[in-house]
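Encoded as structure tokens, the structure appears first; notes follow it.
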Amino acid sequence: MKQKRIANGPVNKKAFKNKLKTALKSFWSPQKEQVDAILLEAGAHNLRAEVKASAESFMAEDPDLDEANAYNMAYVKWITE
């Protein structure tokens, strides 16, 4: 079977699928979805900016802390105060 050619050479289907998968993961991830949900809930309590600022502070203090956990910690901090 003959491969289609594009300007840069033949199309490698496997490489294309891998690049597509990587691109899609960067646009959508369960972690990003969780952060969005936390911010939505925080916004319902008029605490969106506070939660975001606290989460960024937590991540700056602990670079190993993942984004979803930082936002969850910040939300809990603000909602319980």
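Quick note: the coordinates plus some simple rules give every number you see, no bench work behind them. Computed from a prediction, not measured in an experiment: that's the story for all the values here. FYI the Cβ positions are ideal-geometry reconstructions off the backbone, even for glycines, and counts take in every protein chain you see.
If neighbour count is taken as other Cβ atoms inside 10 Å, put Ile79, Ile38 in order from fewest to most.
Ile79, Ile38
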Residues of type aspartates and glutamates that Lys77 reaches as a straight line, Cα spacing below 19 Å, ignoring anything fewer than 8 places off in the same chain
Asp36, Glu41, Glu50, Glu56, Glu61, Asp62, Asp66, Glu67
